[in-house]
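To start, the structure itself, in structure tokens.
Each reported figure results from applying straightforward, stated rules to the coordinates on display, with no laboratory input. Computed from a prediction, not measured in an experiment: that's the story for all the values here. All Cβ positions, even for glycine, are placed from backbone atoms using ideal geometry, and neighbour counts span all protein chains on display.
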Amino acid sequence: MDKVKIQLKVWEDTPWTQVDLDALEMQCKVYMRDIKLMDKEMRSWDNFIWLQETIKNILVALRAIHQLRNPAIKERHWTRLSTATQVPLSVTDETPLGELLSLELHRFEDVVESIVERASKELVTERILAELEATWAEIAFEHSTHQRTGYKLLHISDVLIATLEDNQVTSHWRILH
């Protein structure tokens, strides 16, 4: 029991980006196996119940934390997570794992999944918009003045129309998929 508590403290104090989540998960699974091998009489003890629940919750939270390492996650997504968990949070690379565990992510696994999925889609959209912006920033429109009205008229080349159509089709397809 003390060995597990000491190990938990070490994990909680480690910056969340530096934690080897796979190794941590493996160690938790070893602890769960050891817990199941304990004497059946011990299963009613408060310490046993606490240990079993803690390790089980950490295993679920680790899956969520692994998802939150997605590079698509921005400050606005952390804010959504903080709102959903009702725990104020400011996450940096140096944030201790314990702060993320304090969010009780095992209770919000579906929320985390939804936030990460949304963040990934937003990242795709942001990249597409950046590509479109870069493409269209280089395009120069030609124009002339209408003789009778004096209004400016745009001249659109076939290449420009093809570029526009291509951008519409590919960006729409990429956003949907």
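Overview of values
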item: Most mobile of 87, 30, 19 in a GNM of the chain (Cα contacts under 10 Å); result: 30
item: Residue-wise HN-Hα coupling along the stretch 76-81, computed from phi with Karplus coefficients 6.51, -1.76, 1.60 (Hz; x: Gly, Pro); result: 4, 6, 5, 5, 4, 5
item: Candidate lysines for bridging to residue 9, where Cα separation is under 30 Å - those fewer than 8 sequence places away on the same chain excluded; result: 29, 36, 40, 56, 74
item: Packing-based exposure ordering (other Cβ within 10 Å, fewest first) of 114, 44; result: 44, 114
item: Nearest 10 degrees, 0 to 90: helix 21-36 Cα axis against the chain principal axis; result: 30 degrees
item: Degrees between helix 109-137 axis and first principal axis of the chain (Cα, 0 to 90, nearest 10); result: 20 degrees
item: Burial order of peptide ranges 47-56, 31-40 (average beta-carbon count within 10 Å, highest first); result: 47-56, 31-40
item: By average C-beta atoms within 10 angstrom, highest first, the peptides 67-76, 149-158, 166-175; result: 67-76, 166-175, 149-158
